[in-house]
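Inspection log for the structure reproduced underneath, given as structure tokens.
The values are calculated or read from the model by the stated rules, or taken from the named source; none is laboratory data. No experiment lies behind these values; they were computed from the predicted model shown. A quick note on method: Cβ atoms are made from the backbone with ideal geometry, for glycine too, and the neighbour counts reach across all protein chains shown. The protein model used for the area step is the full one, side chains on, heavy atoms only, and it has no ligands, DNA or RNA in it. Shrake-Rupley method; radii C 1.70, N 1.55, O 1.52, S 1.80 Å.
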Amino acid sequence: MNPVKLGVIGLGNMGSSHLRYLCQMQTVKIAGVCDIIPEKTDRFAQLYQTRAFYSHREMLESGEVQAVIIAVPHYDHVPIAVDAFERGIHVMTEKPITVHVNGAKRMIAAYEKAKERLPKLVFGIMFQERTLPCYRKIKDILQGGELGRLTRVTWINTTWFRSQAYYDSGGWRATWAGEGGGILTNQCPHNLDMYHWLFGMPERVNGFAHIGKFHDIEVEDEVTAYMEHENGMIGHFIVTTGECPGTNRFEIVGENGTLVWHRGEMLLYRNRVSMLDYCRTTNQGFGAVENWETHIPVDMNQPQGHRVVTERFIRSIQTGDIDLIANGTEGLNPVMLANGIMLSSFEERAVYFPLNGDAYEKKLQELIQNSRYEKKTSGSAQIDFEKSLTR
């Protein structure tokens with residue numbers, strides 16, 4: 001098969017990271033790079049021996065690219081993707097799909113319209129944490145039904161520590177106008193994707209978001225969410241960029257036992273009988289279900305990460321058989337969760353799903369227009385992007 005002619009739009013941390021493995025893929029020809037900073041674009045074009053483009057439309061209309069990876073700030077995902085779909089160009093977008101539900105729906109609508117004339121058009125989203133062996137193992141156990149009816153999920157993920165220097169390293173960071181949010185928009189789209197991928201969408205959420213609790217920023221840096229599902233399962237989601245050392249502890253409780261992922265180890269506390277059945281039938285007032293601790297092996301050497309997601313994207317384009325790690329349309333639910341949590345916190349009430357998006361978009365625009373925050377920036381911060389991928 002001929003290599004797919006691929007362009008990369010956005011040459012910051014993520015765009016440059018993608019290029020480092022793309023140049024090693026025989027199924028890809030890097031057909032162009034694009035950024036609004038000409039000096040940066042020229043530098044990368046020379047490095048990867050490809051053509052430089054200084055606007056995304058110039059690249060999309062050049063006839064040089066069949067597909068693009070979009071790695072620009074969040075708000076710009078929508079207009080670039082829409083322009084690509086209108087021209088019949090395949091799209092892989094970085095997470096999150098965008099900042100609010102209405103923007104995500106606009107992007108998806110453009111894709112669905114383009115598919116009417118181009119059924120093989122491919123739309124992927126970079127949810128590479130779906131390739132991580134630990135989460136794939138959890139998915140396998142849940143699909144196998146070993147835990148039975150689920151009753152509670154508690155995910156404490158506070159390994160997102162960020163210093164003030166990190167937030168000061170860019171004028172757009174941690175602002176409503178530049179980034180559209182804080183930890184839910186920047187650090188946790190993967191976690192929110194994982195939540196809905198494993199358990200489905202909740203029926204309602206109560207969110208508690210703290211704005212600039214640990215940092216001089218105008219967006220959220222600590223969030224706790226309580227979710228209720230139609231089947232009775234409850235979920236707790238606790239994240240922050242202000243704790244060090246942090247923890248990543250995932251507890252999934254079902255009638256047949258409890259699955260725990262923590263510190264690189266997966267344990268299953270398997271009940272001998274269903275706790276729900278036992279609760280209804282035992283005559284022991286202080287009895288407990290007999291259970292055993294079982295270590296679940298996880299092969300951490302499986303292929304994983306951004307390259308795996310991109311390889312599936314490229315193969316889908318080449319074969320016409322769409323087999324993605326995550327379809328781009330799946331980017332809607334994590335954004336809906338994030339918007340719902342924040343709207344609940346702002347309005348101090350439960351928010352129900354699905355969310356139509358209007359209320360949160362209106363609130364976001366108010367935050368942007370009424371902002372009196374003066375962003376401080378510093379070029380002295382040492383930012384090693386690769387460290388953000390290992391937590």
Rounding to the nearest 10 and keeping the result within 0 to 90°, find how far the Cα-based axis of helix 332-347 lies from the longest principal axis of the chain. 70
Proximal aspartates and glutamates relative to LYS363, as straight alpha-carbon distance under 12 Å, when same-chain residues fewer than 8 apart are discounted: GLU347
Given a 10 angstrom Cα cut-off, can you work out which residue in LYS105, LYS95, LYS363 is the most mobile in a GNM of the chain? LYS363
Pick out which of GLU58, GLU220, GLU361 has the largest mean-square fluctuation in a Gaussian network model of the chain, springs linking Cα atoms closer than 10 Å. GLU58
Run through the DSSP bridge list for the chain and note the antiparallel percent, rounded to the nearest 5. 65
Return the ratio Rg/(2.2 N^0.38 Å) for the chain, where Rg is computed over Cα atoms only. 1.04
Aspartates and glutamates within cross-link reach of LYS5: Cα-Cα under 12 Å, excluding same-chain residues under 8 positions apart? GLU64
If the elastic network links every pair of Cα atoms under 10 Å, which of ALA104, ALA71, ALA114 fluctuates the most in the Gaussian network model of the chain? ALA114
Just the number please: accessible area per residue for the range 23-179, 1.4 Å probe, all protein chains included, in Å². 42
Spin-label model distance (nm) - ASN13 vs ILE37, 7 Å beyond Cα toward Cβ: 1.4
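Hey, if we sort ARG106, ARG87 by accessible area with the 1.4 Å probe, largest down, what's the order?
The ordering from most to least exposed comes out as ARG106, ARG87.
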I need to check one value: relative contact order of the range 261-302, counting alpha carbon pairs closer than 8 Å and at least 6 residues apart, in percent. 54
Any idea which of MET107, GLY212, HIS56 is furthest toward the positive side of the dipole for the chain, if Lys and Arg beta-carbons carry +1 and Asp and Glu beta-carbons -1? HIS56
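For the range 143-257, calculate the relative contact order in percent as a whole number, restricting contacts to Cα pairs under 8 Å that are 6 or more residues apart.
Relative CO of the range 143-257 lands at 46 percent.
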In deg cm²/dmol and to the nearest 500, what is the mean residue ellipticity at 222 nm of the chain if only DSSP H runs of at least 4 residues count, each as -39500 (n - 2.57), divided by the residue total? -9500 deg cm²/dmol
Pairs to check: LYS95/LYS376; LYS95/LYS213; LYS40/LYS362. Give those whose C-alpha atoms are more than 32 Å from each other in this structure. LYS40/LYS362
Rounded to the nearest 0.05, what FRET efficiency is calculated for HIS210 and PHE286 with R0 set to 41 Å and r the Cβ-Cβ distance? 0.55
